[in-house]
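K.L.:
Attaching a single structure in structure tokens format; questions to follow.
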Amino acid sequence: ELSRAFVKEPDGDEVSDDQPEIPESRHPNYVTRNGLAALKAELAELSAEKEKLAASEELQAKLALAQTERRLRYVSHRVDHAIPVDPATQPADEVAFGAVIRVAAPDGHERDYAIVGEDEADVALNKVSWVSPLARALTGAKIGDVVTWKRPAGDIDLEILAIRYDTTKSR
């Protein structure tokens, strides 16, 4: 055990930030146009927040600044390493990154899923990460195929009813 005498104490107004960095995914950072736009918007918001917090003398602001800088480093890295995928280059008749897929479950319920980048995934909006078990099950499938989605709650077969890509150019 290290004696407290040898541990550097923070200076008067210095705030100790011993939180680990936000873990990076080991997967390539594929992004949709919307996913990249959202990352860039978050980067701008974080930069503005950092400037505001850095100008403050309050202890709470200094603590928030450390958290904001950590998130800023993470998002900046995600933007720097983003690999935009143009939906126009994807196979129109096959499920791939950026596809919106309509599936039918055995009970007849139909649902749409979009395969998106990891940062854009949102279960509530049926946007699934391209590395998720559902996206992996769907990838490569064609209309009429039945794929098995392996889930902790039990496997389920899904029939591919439609595949589409948003190929409209954003302005």
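K.L.:
Hey, for a label at Val131 modelled as a point 7 Å past Cα toward Cβ, could you say which residues of the range 20-51 have their backbone N under 18 Å away?
P.N.:
21-32, 35-36, 39
K.L.:
I'd like the Karplus ³J(HN,Hα) series for the range 117-129: coefficients 6.51, -1.76, 1.60, θ = phi - 60°, whole numbers in Hz, and an x wherever there's a Gly or Pro.
P.N.:
3J(HN,Hα) across the range 117-129, in whole Hz: x, 4, 6, 8, 4, 8, 4, 4, 9, 6, 9, 10, 4.
K.L.:
Points 7 angstrom from Cα along the Cβ direction at Asp93 and Gln60: gap in nanometres?
P.N.:
6.1
K.L.:
Another question, if that's okay. Measure nothing but the geometry: give the 0 to 90° angle between the long axis through the Cα atoms of 59-80 and the longest principal axis through the Cα atoms of the chain, rounded to 10°.
P.N.:
The helix 59-80 is inclined about 40 degrees to the chain.
K.L.:
Would you list the P(r) distribution for the range 95-171, with all Cα-Cα distances sorted into 10 Å bins from 0 and each bin expressed as a whole %?
P.N.:
20, 55, 22, 3, 0
K.L.:
So, R0 is 25 Å and r is the distance between the beta-carbons of Glu110 and Asp86; what FRET efficiency does that work out to, to 0.05?
P.N.:
Here the calculated transfer efficiency is 0.35.
K.L.:
What does the highest-first list of 20-28, 146-154 look like by mean Cβ count within 10 Å?
P.N.:
Highest mean packing first, the order is 146-154, 20-28.
K.L.:
So, one more: For the chain, find the longest principal axis of its Cα atoms and tell me its angle to the long axis of helix 33-54, 0 to 90°, nearest 10.
P.N.:
Rounded to the nearest ten degrees, it is 10.
K.L.:
Among Leu63, Pro152, Ala105, which residue has its Cα furthest toward the positive end of the charge dipole of the chain, with +1 on Lys/Arg Cβ and -1 on Asp/Glu Cβ?
P.N.:
It is Ala105.
K.L.:
Here is a follow-up. Take the range 36-118, drop everything but the C-alpha atoms, weight them equally and run the Debye formula without solvent; then report log10 I(q)/I(0) at 0.13, 0.25 Å⁻¹ to two decimals.
P.N.:
-0.62, -1.13
K.L.:
Charges only on Cβ, +1 for Lys and Arg, -1 for Asp and Glu: so what's the dipole of the range 127-171 about the Cα centre, in debye to the nearest 20? Write out the running numbers ahead of the final one.
P.N.:
Values: 8 positive and 5 negative charges, 73 e Å.
So the dipole magnitude of the range 127-171 works out to roughly 340 debye.
K.L.:
Match the structure shown to one of the listed values (1) 1, 7, 13, 18, 18, 15, 11, 8, 5, 2, 1, 0, 0; (2) 2, 9, 19, 22, 21, 16, 9, 3, 0; (3) 1, 8, 13, 15, 13, 11, 10, 8, 7, 6, 4, 3, 2, 0, 0 of P(r) over Cα pairs in 5 Å bins from 0, in percent, computed from it, and give that label.
P.N.:
Computing P(r) over Cα pairs in 5 Å bins from 0, in percent and matching it to (1) 1, 7, 13, 18, 18, 15, 11, 8, 5, 2, 1, 0, 0; (2) 2, 9, 19, 22, 21, 16, 9, 3, 0; (3) 1, 8, 13, 15, 13, 11, 10, 8, 7, 6, 4, 3, 2, 0, 0 gives (3).
K.L.:
Counting Lys +1, Arg +1, Asp -1, Glu -1, what net charge surrounds Gly98 among other residues with beta carbon under 13 Å of its beta carbon?
P.N.:
Summing Lys/Arg as +1 and Asp/Glu as -1 gives -1.
K.L.:
In the chain, carbon and sulfur make up what percent of the accessible area (probe 1.4 Å)?
P.N.:
53
The values are calculated or read from the model by the stated rules, or taken from the named source; none is laboratory data. Please read all numbers here as calculations on a predicted model, not as lab measurements. Every residue, glycine as well, gets a Cβ built from its backbone with ideal geometry; the counts of neighbours run over all protein chains shown. Each accessible area value is taken on the protein alone, full model and side chains, heavy atoms only, with ligands, DNA and RNA left out. Shrake-Rupley method; radii C 1.70, N 1.55, O 1.52, S 1.80 Å.
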